[in-house]
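K.L.:
Let me begin by handing over the structure; questions about it come next.
The values are calculated or read from the model by the stated rules, or taken from the named source; none is laboratory data. Quick caveat, the model's predicted, so the values are computed rather than measured. Please note: Cβ atoms are built from the backbone with ideal geometry, for glycine as well, and neighbour counts cover all protein chains shown.
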Amino acid sequence: MATTPLCTDPLCSHIRLTLSPMEFGLLTGPRRLFERGATFVGLDFLAHPFWDKYIEYEERQEAQDRIFAIHARIIRIPLHQYARYYERFRNLSHTQPLAEVVPADTLAKFQAEVAAEAAAYGGAPRPELEIERDVRAKIDAMYYEVFTQTQNEVSKRWTYESENKRPYFHVTELEHSQLNNWRKYLDFEESEGDFSRIVSLYERCLVTCAFYDEFWYRYARWMAEQPGKEEEVRNIYIRASTLFVPISRPGIRMQWAYFEESCGRVGVALDIHAAILMKLPDCVEVIVSWANLERRQNGAEAAIQVLKDQIDAPTVDLYTKAALVAEWAMLLWKGKNSTEEARAVFLKNVQWYADSRIFWDKWFQLELEQSPEGKEGETDQTERVKHVFDEFRSRSRLPNPVKRELAQVYMNFLMQRGGKDAMKEFLTVDRQMFGSVQHATPQETEGIQLTLTHRPVSVSTASKSGSGAKENGASLGELDEASKRKAQIRYLNFYEAHPEPNAEAQGAADFN
């Protein structure tokens, strides 16, 4: 247990919020428990019931010196009932020997001041009681300044405390206004710069907001900025991951894995990935993160092996496999600098994963980001991009709004990097993807209302094959609704999915 100065005032440096490790070790029984409680909740704005119990215990022990010492600690803490404790402290201080009320150097200073004041008036030597009375008056003035400072600190926090409508844990959602109040309160306390108070407020916040990931992230990031606090950061991640945040939201666990990797504990980071996949075997983000961990530590081949193993796993569904195949190709391209191998992966697997948006996004990315040299290279790249687009139109059963988005990617390429005849292809694609609806089939007009809300034209043939993709001459049919959702989904790495909080939002705040 660290020793924490109660205040920065040198006159008060002999009083502390917590005991030193040696002093704490000398305590036994209830006092030891009360001191633990003071460490955990003593700074809470509503901690007066705890302090009352502590004082009540010492009163039963008739330990007047400890009762005074506890009040001397409390009067510096911004509490809801701070004034009550100050009045009791002031009364107690009048019954304590002067040497127990202030440090020896402060007492000597006040006594010297009283003697100097008496000498200035040239009076006769004064009685001891009179001198003590004047010294106590100076001590009272000193502690009144402490009271005034505490009062100011209470006033600063009252705005936030008065808005805190639920200071306890509950499984139901909080209002957006409550979350926003906690954010502002944490901003304020961090700006004040008192480590103990900041930790105390974070701990209070997480009692109420334990199911909201953002506050765990924020606490861990703030703690990581403090020097020598690696173990404290680790404990924050452990508490969030093993007690409060459900595994269905694995983002905080992934952050924990990155933290452990940064500390050189690669085995722990791998174990965290494996533990998540035991419950979420289809989680693309976790599998890709695992592969990249292996790439960083052991090279591209180790990463590719992770992806291959997951692609072959029976627990991984078709659309997850499609995303992993696309990542495999990306690793070959960027990790091994082998564009041809990456292209071969797409060409080999297009027959299986043509209904995955991620698959096509990555294939387009591969071809669009090449840097051709000379006219021949530019012509070759144009043919390759066109080949990807033609394959996409003929093979994919993705919903038409998605097809139009990818068509626009191709059209942008033609506009910005196409050759002399690029506008012929541009207008052909424009006519086929965004033209008149009167000749389109029902499948081709799917999603027309969505399109018409964004542009004044109708929908035409989004698929070259007319009635849908075919294999061996037989129609593959349309995707069901569940498959459509999986087919067109895009994934973000968890560290990319941190939307800015909306201060104007109303109603209950979803945990997700």
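K.L.:
Please verify whether Asp134 is charged (D, E, K, R) and touching a residue at least 40 places away in the same chain (Cβ under 8 Å), treating the condition exactly as stated.
P.N.:
No, not satisfied.
K.L.:
Can you pull out every residue in the stretch 479-497 that is surrounded by 14 or more Cβ atoms within 10 Å (Cβ to Cβ) and among the basic types (Lys, Arg)?
P.N.:
If the condition is that a residue be surrounded by 14 or more Cβ atoms within 10 Å (Cβ to Cβ) and among the basic types (Lys, Arg), then Lys484, Lys486 are the ones that fit.
K.L.:
Looking only at the stretch 58-82, which residues are part of a helix (DSSP H, G or I) and surrounded by 18 or more Cβ atoms within 10 Å (Cβ to Cβ)?
P.N.:
Correct list: Glu58, Ile67, Phe68, Ile70, His71, Ala72, Arg73, Ile74, Tyr82.
K.L.:
Then there is this: Before we move on, is Lys424 modelled with pLDDT of 90 or more, in a helix (DSSP H, G or I), among the charged types (D, E, K, R) and within 25 Å of Glu481 (Cα to Cα)?
P.N.:
Considered against the rule, which asks whether it is modelled with pLDDT of 90 or more, in a helix (DSSP H, G or I), among the charged types (D, E, K, R) and within 25 Å of Glu481 (Cα to Cα), Lys424 comes out as no.
K.L.:
Suppose the filter is touching a residue at least 40 places away in the same chain (Cβ under 8 Å), closer than 15 Å to Phe346 by Cα, surrounded by 13 or more Cβ atoms within 10 Å (Cβ to Cβ) and not aliphatic (A, V, I, L, M); does Glu391 pass it?
P.N.:
yes
K.L.:
Let me ask something else. What do you reckon, is Tyr85 assigned to a helix (DSSP H, G or I), touching a Pro at 6+ places or on another chain (Cβ under 9 Å), buried (at least 16 other Cβ atoms within 10 Å of the Cβ) and at pLDDT 90 or above?
P.N.:
no
K.L.:
On the basis of being more than 46 Å from the chain's Cα centre (by Cα) and either assigned to a helix (DSSP H, G or I) or small (Gly, Ala, Ser) (or both), does Leu33 make the cut?
P.N.:
no
K.L.:
Suppose we keep only residues that are in a helix (DSSP H, G or I) and loosely packed, with under 15 Cβ neighbours inside 10 Å within the stretch 241-265. Which one would you say is modelled with the highest pLDDT?
P.N.:
Ser262
K.L.:
Still on this model: What's the total number of residues in the stretch 266-292 that are within 16 Å of Thr242 (Cα to Cα) and assigned to a helix (DSSP H, G or I)?
P.N.:
Here the count works out to 11.
K.L.:
Still on this structure, I have one more. Do you know which residues across the stretch 89-114 are loosely packed, with under 12 Cβ neighbours inside 10 Å and aliphatic (A, V, I, L, M)?
P.N.:
Result: Ala99, Ala104, Ala108, Ala112.
K.L.:
Six or more apart or on different chains, Cβ under 7 Å: which pairs go from a residue in the stretch 222-248 that's under 14 Å from Val199 (Cβ atoms) to one that's among the hydroxyl-bearing types (Ser, Thr, Tyr) and buried (at least 18 other Cβ atoms within 10 Å of the Cβ)? Could you list them?
P.N.:
Ile236/Tyr219
K.L.:
Identify all residues within the stretch 328-362 that are under 27 Å from Pro399 (Cα atoms), surrounded by fewer than 20 Cβ atoms within 10 Å (Cβ to Cβ) and either touching a residue at least 60 places away in the same chain (Cβ under 8 Å) or within 30 Å of the chain's Cα centre (by Cα) (or both); write none if there are none.
P.N.:
Correct list: Met330, Gln351, Asp361.
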